[in-house]
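Participant: My questions will all concern the structure given below.
The values are calculated or read from the model by the stated rules, or taken from the named source; none is laboratory data. Here the structure is a predicted model, which means the values were calculated and not measured. A quick note on method: Cβ atoms are made from the backbone with ideal geometry, for glycine too, and the neighbour counts reach across all protein chains shown. Just so you know, the surface numbers come from the protein's heavy atoms only, side chains and all, with ligands and any DNA or RNA stripped out. Shrake-Rupley method; radii C 1.70, N 1.55, O 1.52, S 1.80 Å.
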Amino acid sequence: MNAPTASSPARITRIARRRARPGREAEYEVMLREMLASMRKHKGFQGGDMIPPETPGEEYQLVVRFASEAELQAWDMSEDRLELLERMKEVAEGEPEFRKLSGLEAWFEPAVVPASMHPPRARMALVTWLGIFPTVSFFLWFVAPWLQPIPFLPRTALLTALIVITMTWVVMPRLTRLLRGFLNPGHKH
């Protein structure tokens, strides 16, 4: 396993929120799907979901994942995106609001999605345990013996830091992608 370095790009999740103009919801959804299709052609795109409002008139959310901040910025500056945003002005209200997530906060679907879209807590707990158990076991078995000469608190701080780094950038991104269908049963991806 390779631990991330300060220079390694981190996966980024961005949520865009925006309302459709009343009576233009179907057109807006078509354009959001067109945007996702266009993103698929761009380097670094790792997936996306359109989340319609639970109640008519509320905001749509577009959750997209890119391999790095630089690749997301390249998409943001692309002609494809700029042309679509211009066309969307006719069917959407105002400008989109954005929220970016990376690291721990992007392990599971963010809190801005409707409650009906959240993975059940028991499934999140099981998936977390599936990541934590082998990771902690690995560090306790192979790394902890080498750290015995270090006093208890610094040794514990070092071990937990290694585990958090490994979980955040190595284990959980892969595990949640692999078990996405289990985490969100019935949700199309």
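Participant: Go through (1) modelled with pLDDT of 80 or more; (2) under 30 Å from residue 181 (Cβ atoms); (3) surrounded by fewer than 16 Cβ atoms within 10 Å (Cβ to Cβ) one by one and return the number of the condition residue 79 breaks.
Facilitator: Condition (2) is where residue 79 drops out.
Participant: So, one more: Any idea which residue in segment 137-149 is farthest from residue 101 (Cα to Cα), counting only those that are of a type outside the set (Gly, Ala, Ser) and open to solvent by less than 60 Å² (accessible area, probe 1.4 Å)?
Facilitator: Looking at the filtered set, the residue picked out is 147.
Participant: Scan segment 123-134 and report the pairs whose first residue is over 15 Å from residue 177 (Cβ atoms) and whose second residue is among the aliphatic types (A, V, I, L, M), with Cβ atoms within less than 6 Å and a gap of 6+ or a chain change.
Facilitator: Hits for this filter: zero, empty list.
Participant: Quickly run through segment 6-58 and pick out the residues that are of a type in the set (Ser, Thr, Tyr) and exposed (fewer than 15 other Cβ atoms within 10 Å of the Cβ).
Facilitator: 7, 8, 55
Participant: Taking only pairs six or more apart or across chains, which ones have beta-carbon atoms under 9 Å, a first residue in segment 68-81 that is under 12 Å from residue 44 (Cα atoms) and in contact (Cβ under 8 Å) with a residue 12 or more places away in the chain, and a second residue that is among the charged types (D, E, K, R) and in a loop (DSSP other than H, G, I, E, B)?
Facilitator: As it stands, the answer is 68/11; 71/43; 74/43; 75/43, since those pairs meet every condition given.
Participant: Can you pull out every residue in segment 152-188 that is over 20 Å from residue 13 (Cβ atoms), among the small types (Gly, Ala, Ser) and either touching a Pro at 6+ places or on another chain (Cβ under 9 Å) or in a helix (DSSP H, G or I) (or both)?
Facilitator: Result: 157, 161.
Participant: Residue by residue through segment 23-54, note down the ones that are closer than 18 Å to residue 95 by Cβ and in a loop (DSSP other than H, G, I, E, B).
Facilitator: Those that are closer than 18 Å to residue 95 by Cβ and in a loop (DSSP other than H, G, I, E, B): 24, 53.
Participant: Something else about it: Between a first residue in segment 18-29 that is under 16 Å from residue 55 (Cβ atoms) and a second residue that is among the aliphatic types (A, V, I, L, M) and open to solvent by 60 Å² or more (accessible area, probe 1.4 Å), which pairs have beta carbons less than 9 Å apart while being 6 or more apart in sequence or on different chains?
Facilitator: Between residues of segment 18-29 that are under 16 Å from residue 55 (Cβ atoms) and residues that are among the aliphatic types (A, V, I, L, M) and open to solvent by 60 Å² or more (accessible area, probe 1.4 Å), the close pairs are 20/26.
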